[in-house]
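Undergrad: Following this message is one structure expressed as structure tokens.
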Ligand SMILES: [Zn+2]
Ligand SMILES: [Zn+2]
């Protein structure tokens, strides 16, 4: 592919800058992917868009933004083994060294090699017409899923799926999701698919509450309040939920997730940043509770998630409330930063409906 392409960069002052750059050429083991859908993650706002606060794996290196890329292979470099021109692909958004222990477990997110580079953080991401990918970072997107379904798997849904695997969710469980932004909504959607009968949410934004109810992701939503723990216990025989997820990153929200969980229950933290205050003895030790931290997922679990989405006929795209073309990416980031939205997508070609 010859010529130049437009790419979106985030200078860290709540703006988007566009640059024309050469279309990259795939080297050995690489492919060129025509972008189809690129969704915005909360981490983009928290660590890059407003200001560059990320360090280490979250340190933004002035590359093309976007770490939820999904598209179609249009050019193969030498040495490609599986994916071909025409393949529909999700980009597992962290390119690990491939040979450290974490990479060998499929957790490139946890790669500690200096060679580790995340798309949209340390190497060019999905907010451009094309993205250069290492073949080993790709996950096949089945025909029954849209590119906008796939984009969300690249980070948000993958992250939630991993947390759910850690705590385990089934029809035995009632679930609390604190924070119904895109990650919390994804958690509710997957827990519902796994059979959770009673899903409770804590959220204040009316648009997000409306979306959660419209899609039947939650049975009841409470505004954040001191009474939240009592309210949840009242709905669960005085015991609390079996499983809770915090996607709020809020100090009180996290404490609520812990306290509204019953004895022997499990809590997963996926919301990033901030703090939490709780009292270890009454809140977790004496109640035999377990709190899990969970960061993105492994590439093999991402493949499993994709297979499950097909089986469940589940479409992450339903969480997208707003689509923009690439040249309107500034509006897309601004909307996401304001929070009055579900998931926000930058779309290309047929995905821009
Ligand atoms: Zn992300
Ligand atoms: Zn590695």
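Only the coordinates and a few stated rules stand behind these numbers; no lab work does. If you're wondering where the values come from, they're calculated on a predicted model, not measured in any experiment. Every residue, glycine as well, gets a Cβ built from its backbone with ideal geometry; the counts of neighbours run over all protein chains shown.
Undergrad: Among the candidates 99, 53, which residue alone is within 15 Å of ligand 1 (Cβ to nearest atom) and without any contact (Cβ under 8 Å) to a residue 24 or more places away in the chain?
TA: The match here is 53.
Undergrad: A further question follows. Considering only residues that are in contact with a helix residue (DSSP H, G or I) (Cβ under 9 Å, 6 or more places away or on another chain) and assigned to a loop (DSSP other than H, G, I, E, B), look in segment 192-208 and name the one that is farthest from residue 219 (Cα to Cα).
TA: Taking the candidates together, the pick is 194.
Undergrad: When you go through 90, 94 one by one, which is the residue that is away from ligand 1 (no atom under 12 Å from the Cβ) and on the phi < 0 side of the Ramachandran plot?
TA: Exactly one of 90, 94 is away from ligand 1 (no atom under 12 Å from the Cβ) and on the phi < 0 side of the Ramachandran plot, namely 90.
Undergrad: Here's something else I'd like to know. Within segment 85-93, identify whether any single residue is touching a helix residue (DSSP H, G or I) at 6+ places or on another chain (Cβ under 9 Å), within 16 Å of ligand 2 (Cβ to nearest atom) and touching a residue at least 24 places away in the same chain (Cβ under 8 Å), and answer yes or no.
TA: Yes, segment 85-93 has at least one match.
Undergrad: I'd like to verify a number: residues in segment 231-275 that are touching a residue at least 40 places away in the same chain (Cβ under 8 Å), surrounded by fewer than 22 Cβ atoms within 10 Å (Cβ to Cβ) and assigned to a strand (DSSP E or B), how many?
TA: 1
Undergrad: Which members of segment 209-230 meet the condition of being assigned to a helix (DSSP H, G or I), surrounded by 12 or more Cβ atoms within 10 Å (Cβ to Cβ) and free of Cβ contacts under 8 Å to residues at least 60 places away in the same chain?
TA: Within segment 209-230, 209, 210, 212, 213, 228, 229, 230 meet the criteria.
Undergrad: Another question, then. Looking at the structure I just gave you, is residue 19 out of contact with any helix residue (DSSP H, G or I) (no Cβ under 9 Å at 6 or more places or on another chain), within 14 Å of residue 129 (Cβ to Cβ) and outside any loop (DSSP other than H, G, I, E, B)?
TA: yes
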